[in-house]
Structure formats: structure tokens, C-alpha cells
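Each remark here refers to the structure printed beneath this line.
The values are calculated or read from the model by the stated rules, or taken from the named source; none is laboratory data. Given the structure is predicted, the values throughout are model-derived calculations rather than measurements. For neighbour counting, all protein chains shown are included, and Cβ atoms are generated from backbone atoms with ideal geometry for every residue, glycine included.
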Amino acid sequence: MSLVGLPDVVILDVEDVPGAALRVHVELTRSPQGCPTCGVIAHVEDRRRVELVDLSMGGRPMRLVWVRRRFRCPESSCPSGSWTEDDPRIASKRLMMTDRSGRWITEQVGRCARSVSEVARELGCDWHTVNDAVVAYGGALVDHPDRFGVVEALGLDEVLMVRRGPWHRQEFSTLLVDVGRGQLLDVVPGRSSTEPMVWLAKKGKPWCDQVRFATLDLSGPYRKVFTLMTPGAIQVADPFHLIKLANSKLDECRRRVQNKTLGHRGHKADPLYRCRRLLTKAEERLDVKGERN
Ligand SMILES: [Zn+2]
């Protein structure tokens, strides 16, 4: 039925109450059904309604009321008993939304980075309904073995994940990034070499051997990960950390010279102290006066 855009369904009713979601009642046209055990034509025992969140239409929330038939095998000796018809093209059994809206939601949250609550508002439904769908559809995508493909440039970087407890103890995580595509592959706990090594070991040697470039900050643990797990890859220090290190060395040197020449820490009027910001500023951010200095 093209109006609903769903396969093999017939529209039974449309409930159009102003101010409420538009409710479209549908039933599967597929019939008759044979018993899955003995093959005898089954009887329709009763019908159950399940209300599913559907894609909104022109900004108006939609509900698909799926009238699901319950069948019973007429053979008294058959162990099948009764069963409810099912169609994953309409909806997965455990979710309270249509399959197409589940896919759309996952794309909105996963690819377009919209928040769960924003999408829930648009569909006129509960936060949990949307989140359950993201977890179910997104989880399957995350677990898919082909998700990573070939990664030629792999990056490791630490990130402060959370501050925990009354002392706000910092807990770090390590990001594994496909640097070529600019795509986050995974997040593992801690910033030691252990977890990234376990992760790479799980991917296997052939996968690790495809990595040609390894980018890292200048930390020892990440260097160890790449040296041991991707020995063929060229290790590249990422520019941010490199410049940060160069700047801190320059600063160290400035303070040392200051102390040596004037015998005290930098004061407001000391030229070396006054130019401390100028020394570490990127060239493209300098004005004419700065360049002359
Ligand atoms: Zn049967």
C-alpha cells in the first residue's frame, strides 16, 4: 500500500483527532497462514492492537496501530497451539516503533548528532522509546564486523571522560580514531597501553598490518602500543602535541635566560617577561608590530 509505504498491509482506519497524533490502523494482507508445525490452515483466534511510533508526517506525529492477528492450529494433537503474526519489515518484536522510524532515528542520532530528546519531541514520543531504538539498531551497527574496514592511519588519543567521586578524580579514556576518514572507531578505558593493545589484538594481525601510519601524542604508552602491535607503521606525532612541547621548551629556555642575565624571575617591566606570549604565538596570528619584534 503506497499511502502508508509499508509492504503487504491494508489500511483499516485513520483516526484524525485534531491536536493528537494521526493514528493509522493497518493489518497484514498475507493470508491464509499455515501452521508452522503441521502446515494445516490456521484459524484467526483474535486480534491484538499494538501502537507503534512512526515517522512524523509534515511535522505531525504519527502512530501506526498494527492489528496483529493471533492464529491457532485447528489440529488438537498439534503442539503449536497459538501464535501471533510477525513481520520484521513493519516492526521488530521488542520495540515500540516501526522499523523505518527505528532506522531513521538511528541515523538522526548517530550520523546527524541530534539529541535523543530532540528526536523524541519531533516524533511526539517518550525519550526511552527513542533511546531503546538507538541502542537496538545502533548496537547492531557497532557490532558489525565490517564496520572498521581497512584503516591506513590509526590514531590514539587520550580524553578526560569523567570526574568521579567527592574529589573529582579524573578518569581518562583512549580514543581509537581512523585519522584518514576522521572517524571515531572505539573508546577504551584508561590511558595506559593495555586496553588499546587488547583491542588491536582482537582485531588480529592482518588488520594491524594494514595500518601504515600511526598518530599519537608524545606519550610513552601509546608509542609502546604502536611499536608492539603495528611495527610496520610510521609513527607520526600529531602537530598539536608537538607544538605544545616546543612551546613549553621555549618557555623553559626564556625563564632560564631571564634568571641568568638578570638574576631574578621575570618582572612586569622585563623585556623577556613582556614578550612571553609573543614568543609562543602562531606566526599567522601575529600583527605587524609583533612580527617586527
Ligand atoms: Zn499445527
For D178, state whether it is farther than 15 Å from S219 by Cβ, crowded, with 17+ Cβ neighbours inside 10 Å and within 15 Å of the chain's Cα centre (by Cα).
yes
Give segment 124-148 a look and list any residue that's in a loop (DSSP other than H, G, I, E, B) and either in contact with a strand residue (DSSP E or B) (Cβ under 8 Å, 6 or more places away or on another chain) or within 20 Å of L64 (Cβ to Cβ) (or both), or say none.
G124, C125, D126, F148
Output yes when any residue across segment 174-188 is out of contact with any Cys (no Cβ under 6 Å at 6 or more places or on another chain), outside any helix (DSSP H, G or I) and more than 22 Å from A233 (Cβ to Cβ), and no when none is.
no
Check off (1) out of contact with any strand residue (DSSP E or B) (no Cβ under 6 Å at 6 or more places or on another chain); (2) in contact (Cβ under 8 Å) with a residue 24 or more places away in the chain; (3) part of a loop (DSSP other than H, G, I, E, B) for A20 and give me the number that stays unchecked.
(2)
Testing E45 on (1) in contact (Cβ under 8 Å) with a residue 24 or more places away in the chain; (2) within 16 Å of the ligand (Cβ to nearest atom); (3) not β-branched (V, I, T); (4) not in a strand (DSSP E or B), one condition comes back false. Which one is that?
(4)
Determine whether D86 is more than 16 Å from the ligand (Cβ to nearest atom), farther than 16 Å from V9 by Cβ and without any contact (Cβ under 8 Å) to a residue 40 or more places away in the chain.
no
Between residues in segment 212-232 that are more than 14 Å from S192 (Cα to Cα) and residues that are assigned to a helix (DSSP H, G or I) and of a type in the set (D, E, K, R), which pairs lie under 7 Å by C-beta distance while being six or more apart or on different chains?
G232/D209
Could you grab me the full set of residues in segment 131-166 that are in contact (Cβ under 8 Å) with a residue 40 or more places away in the chain and of a type outside the set (D, E, K, R)?
A136, F148, V150, V151, A153, L154, G155, L156
Taking segment 109-123 as the region of interest, how many residues are among the charged types (D, E, K, R), without any contact (Cβ under 8 Å) to a residue 24 or more places away in the chain and in a helix (DSSP H, G or I)?
2
Within segment 74-83, can one find any residue that is touching a Lys or Arg at 6+ places or on another chain (Cβ under 6 Å), closer than 18 Å to R30 by Cα and either modelled with pLDDT under 90 or of a type in the set (S, T, Y) (or both)?
yes
Considering only helices (runs of 4 or more DSSP H) fully contained in segment 189-293, which possess at least 1 residues that are not assigned by TED's automatic domain parsing to the domain that holds E158?
239-262, 271-274, 276-280, 288-292
